[in-house]
Structures are given as C-alpha cells and as structure tokens.
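One structure is given below, encoded as structure tokens.
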Amino acid sequence: PEDIARINAKMSGKWVGEPKETLAQAMVRRVKELAAKLGAKVRIVTSADELPKTPGSRQRRMKGMYDTRTGEVTIVIGNHENLADVENTVLHEAVGHRAFACCLTPRRSSTTPWTSCTACRAGKSRSG
C-alpha cells in the first residue's frame, strides 16, 4: 500500500506521473483496504442522508457506526477530514465496537480463545 505522504502529494497535485486522485476516492479505497485486512463487512456512504433516520442531531456529524444486528460497519465518507480521520473511524468501528460485540456476546463460548476472532486479533496486535 502507498504511504500517506505519497497519497497526500498526489492529491495536492505535487505528484508527477499519475492521475490526481480525489480525497473521497482515496478514502473509499483505504476503507476497502482496511475492511479486507480486518475481515469486516463494511458499507460506505457519501453522506449521513443515506442512513436511516435516527433521533437527535448527532446523525449529521456521524462518521461511522456498527450495527450489532448485522455485524456491518457503516462509514460516512463525507464527514471525514482526511485519510487519517477515516482510518481512525474504521479501526474504531471494526476493531473497537465489532470486537466488543464479538467477544462479549453470550453466544460466544467462554473457552473460545480471542485468536479465533478477526477483530480481536487485529485489536490485540495493535495494542501490543
């Protein structure tokens, strides 16, 4: 995968030789890369208007959500500032909420090791 400096240079027009990629395109590509690595089911939307209505005004600013019923992570591309922001959201939703739901639901056997869960392995390797 490309490093952040190269991606930022391409998007700012300072990279020579390759077509300029929009920030939204780069964020969508990065979300898909991370989802594949984490084994997460991810839905990408461009704005919060594409989501089912929820009570309150938080939805307009929502960057991502984890649906405990379907196991799906939803990422709202339009509410992110940059690649680091969208990466943080994917990790927060897919590793944080998903691992929490995966590991602490009553359906899981208490004898099942954390290594059997993709989200748990990803979180464990990041934390040390």
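Values quoted throughout were computed directly from the atomic coordinates according to the rules given, and no laboratory measurement underlies them. Since we're looking at a predicted model, the values are computed, not measured. Note that we place each Cβ from the backbone using ideal geometry, even for glycine, and neighbour counts take in every protein chain shown.
Between the listed residues LEU91, ILE44, GLN59, the Cα displaced farthest toward the positive end of the dipole of segment 21-98, a dipole computed from Cβ unit charges relative to the Cα centre, is found at GLN59. Between the amide H of ARG43 and those of VAL73, THR74, ILE75, distances stay under 5 Å, these residues lying 5 or more places away or on another chain, with hydrogens modeled in the peptide plane.
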